[in-house]
Structures are given as C-alpha cells and as structure tokens.
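Data block below; observations after.
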Amino acid sequence: MSANAPTILALDFDGVVCDGLKEYFQTTVKTYRLIWENESKQDLEEFAESFYRLRPVIEIGWEMPILLRSLILGFPQARISQSWSEVAAEIVAAENLAGAEIGAKLDNVRDNWIKTDLDGWLSLHRFYPGVVAKVQNVISNSTTQLFIITTKEGRFAKKLLQQAGIELSPESIIGKEAKSPKHQTLRQIINLAEKDDLQVWFVEDRLKTLQSVQKQKDLDTISLYLADWGYNTEKDRQTAQENPSISLLSLQQFAQDFSAWN
C-alpha cells in the first residue's frame, strides 16, 4: 500500500458524495404539510432558495421541517444562521413538537415516495462531479476499504449508490439506524479491523462533526477532511484552515490520487 493511501476511507454521504438539496426541500414540503395540515394550500416554493442557503445549519434530518417553519414564521435568516439550535428549540417548544415524531414522518414520506415514484425521487439527487468515478476506483483498484457513514437512513443511501452503479456491502453503509454518533461509528470500524497500523481518513462536510471526532483522544490518528463543496459556510471553511488537525479538501483534490489530498 502506498504511504499516501488510507487503509480505511470513511465518507459522509449528503454533502460529500451526493447533493440532495432539491430532494431535501421537496421531502420537507411534503412532511410540513402533514404536520401543519391547516396550511396545506400555502405555496411553499418561494422558500426554496432560502432553505438551500440555510441547509448547513441542519444537524439531524427532522430539523428540516422546522427550518422551513422558521422561514414561514419570519425568523430573521441571520438569527437562523447564527443561533439555529436556539431557534429550533423555540419552535419545537412553542408548538409542542417532538423530534422523533417529525423524523418518523419524514422517513415515511421518503419511503412512500420511493415506493410510488422511485424515478422521480432519484431524479432530485445528483452526485458531485468526479465523485462516482473516484469511489468506483477505490472499490475496484485499491486496497483501501470504503465506508459510507451518514445521518440519512442507510437504505436511502444504498438506493442512490446503486443508481450510480456503486455496489457496497450492507455493512459498509452505516446510516442513522445505527443510532450512533459518527465518532463512535468510526471507533467501531477501527475496532472491527483489528489492525494496529491503520490509516483512517474521514471526509465530512460538517465542521462540528469533525470537531467531535477531534475531541476523542483515542481517535487522534484519524486524518480529518472538510469537504469544501458540501453543506458548510465560509466561516466553517476558514475555521478548518486554522485548525492544524483538519484539512480543507476541494472537489478537484478528492477526484485525484490520494497523494494530492495533502
């Protein structure tokens, strides 16, 4: 193995491998209409661009209908961007909502959409340029073991990967059903490998996720990469550049040989 190649490459899915902003919004709209039935006739498309722009604040899928709700209620976008957790908590408390119930509705909307209109659902996703070829190359032509670690349900990620011609074993796609933070998932992957000289690289588009991995003392040998093409802000990218333990990775670098990543 080349010294410049990882033993294990772990990739986030949304914002690293796949851009699903359009699907996010349409699934959010469908879910929103289930939660706020009395507003079912309201035209919500006018909020699409603001939703896309603010997508980086979302940490867990169930927050997406709350983000749309915050826009409809007129919360200032600057406040949403800077204090999202506070805004989300305020809306959830005021309207007596539960994240788990919203998440279940969101997953059911996706499941039903996939069952009744798979082509339509798939059409709202796109893979970032060069990513599919790079992933296929890693699977076919290297000794690097590839994992997808996502907060999306693993079955949804699998559908999209299969559409792109990427076949991974079920254990290589770890979704939110694992009910484990990503740093714990990485720890489990390392423990299962049972090797002492692992080179583990993790590519993620959320700075907070990388920072949570960074705080785990037993994971300090993992090489951390922030995908600058994903759902993050200029402030996130600047913070990453100032952090010696996190490398800012461009899409062009990602598509190249691993030696170009550093």
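List of remarks:
- Top-ranked residue in region 49-77 [being open to solvent by 60 Å² or more (accessible area, probe 1.4 Å) and assigned to a helix (DSSP H, G or I); ranked as farthest from Gly154 (Cα to Cα)]: Gln77
- Residues (among the charged types (D, E, K, R) and either touching a strand residue (DSSP E or B) at 6+ places or on another chain (Cβ under 6 Å) or in a helix (DSSP H, G or I) (or both)) located in region 3-31: Asp12, Asp19, Lys22, Glu23, Lys30
- Within region 178-194, the set of residues being outside any helix (DSSP H, G or I) and either under 18 Å from Lys152 (Cα atoms) or among the small types (Gly, Ala, Ser) (or both) comprises Lys179, Ser180, Pro181.
- In region 147-177, residue farthest from Ala100 (Cα to Cα) [restricted to those that are without any contact (Cβ under 8 Å) to a residue 40 or more places away in the chain and part of a loop (DSSP other than H, G, I, E, B)]: Gly165
- Residue count, region 179-196 (criterion: buried (at least 16 other Cβ atoms within 10 Å of the Cβ) and touching a helix residue (DSSP H, G or I) at 6+ places or on another chain (Cβ under 7 Å)): 5
- Subset tally (residues that are open to solvent by 30 Å² or more (accessible area, probe 1.4 Å) and under 15 Å from the mean Cα position of the chain (by Cα)) for region 1-48: 2
- Out of Leu124, Leu186, sole residue that is within 21 Å of Thr209 (Cα to Cα) and either acidic (Asp, Glu) or touching a residue at least 60 places away in the same chain (Cβ under 8 Å) (or both): Leu186
- Residue in region 158-175 that is under 28 Å from Ser259 (Cβ atoms) and hydroxyl-bearing (Ser, Thr, Tyr) present: yes
The values are calculated or read from the model by the stated rules, or taken from the named source; none is laboratory data. Since this is a predicted model, take the numbers as computed values, not measurements. Here the Cβ is made from the backbone with ideal geometry for all residues, glycine too, and neighbour counts use every protein chain on show. In case anyone asks, the SASA skips ligands and DNA or RNA and just uses the protein heavy atoms, side chains included. Shrake-Rupley method; radii C 1.70, N 1.55, O 1.52, S 1.80 Å.
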